Amino acid sequence: MAEVPDEELVVALRGGELAAFDHLYVRYERRLYGYIRRIVGESAVADDLFQDIFLKVLRDRSYDPTRGRFAPWLFAVARNACLMAQRSERSHAELRERAEAQLRPAAAAQPDARLGDAARVQAAMAALPEAQRQLILLKQLGELSYREIAGLMGVAEGTIKSRLHAATQAFRRLLTDGGSADEL
């Protein structure tokens, strides 16, 4: 089944072949988890979202194999789940922040430490606006085509190309100049 297209695996899964689910899981495990992890930041949250998304693959019938590839649908499900988790986390974080601010005095600014390469990349990704970060992650980690990303975002393919180019340039500036997201 290693050479079987995703769409055929979905049909087999819906026909009751659980081995098809295993193949889809193994095929997308690293890419999808990496995508989710980079968006939500916390491994525990990423683990939960990853499992929820694959449960959706197992139970959900909204994907139609005759209408397109499986990968863009899967990453659209993941993207929506991540955005919902972020919204929920932001509201919880704001509440925690207000409560903590009332309990402790303002902390002194920490001196900047020299960041390693991996930390610099993570910091640059985090500094990008959400829309630019999403595009880079969908293209690099999701391995989606420009056309697939355009369909996912609901814009023209040329628009995705220009936005991805701008996102890549902004990411490079952040890495080389150590600039901030405000300069973008």
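The values are calculated or read from the model by the stated rules, or taken from the named source; none is laboratory data. Fair warning: this is a prediction, and the values are worked out from it, not measured in the lab. No Cβ is skipped: glycine too gets one built from the backbone with ideal geometry, and neighbour counts run over all protein chains shown.
Some values worked out for this structure:
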| read-out | value |
| --- | --- |
| Filter pass, V10 being surrounded by fewer than 18 Cβ atoms within 10 Å (Cβ to Cβ), part of a helix (DSSP H, G or I) and either not charged (D, E, K, R) or not assigned by TED's automatic domain parsing to the domain that holds L141 (or both) | no |
| Qualifying positions in the stretch 16-39 - in contact (Cβ under 8 Å) with a residue 40 or more places away in the chain, among the basic types (K, R) and either surrounded by fewer than 16 Cβ atoms within 10 Å (Cβ to Cβ) or within 17 Å of F70 (Cβ to Cβ) (or both) | R31 |
| Hey, V45 over 19 Å from A85 (Cα atoms) and either of a type in the set (A, V, I, L, M) or not assigned by TED's automatic domain parsing to the domain that holds I149 (or both) or not | no |
| Selection count where residues are part of a helix (DSSP H, G or I) and touching a residue at least 40 places away in the same chain (Cβ under 8 Å), scope the stretch 133-148 | 5 |
| Output for the stretch 150-172, where each listed residue is crowded, with 16+ Cβ neighbours inside 10 Å and more than 15 Å from E130 (Cα to Cα) | A150, G151, L152 |
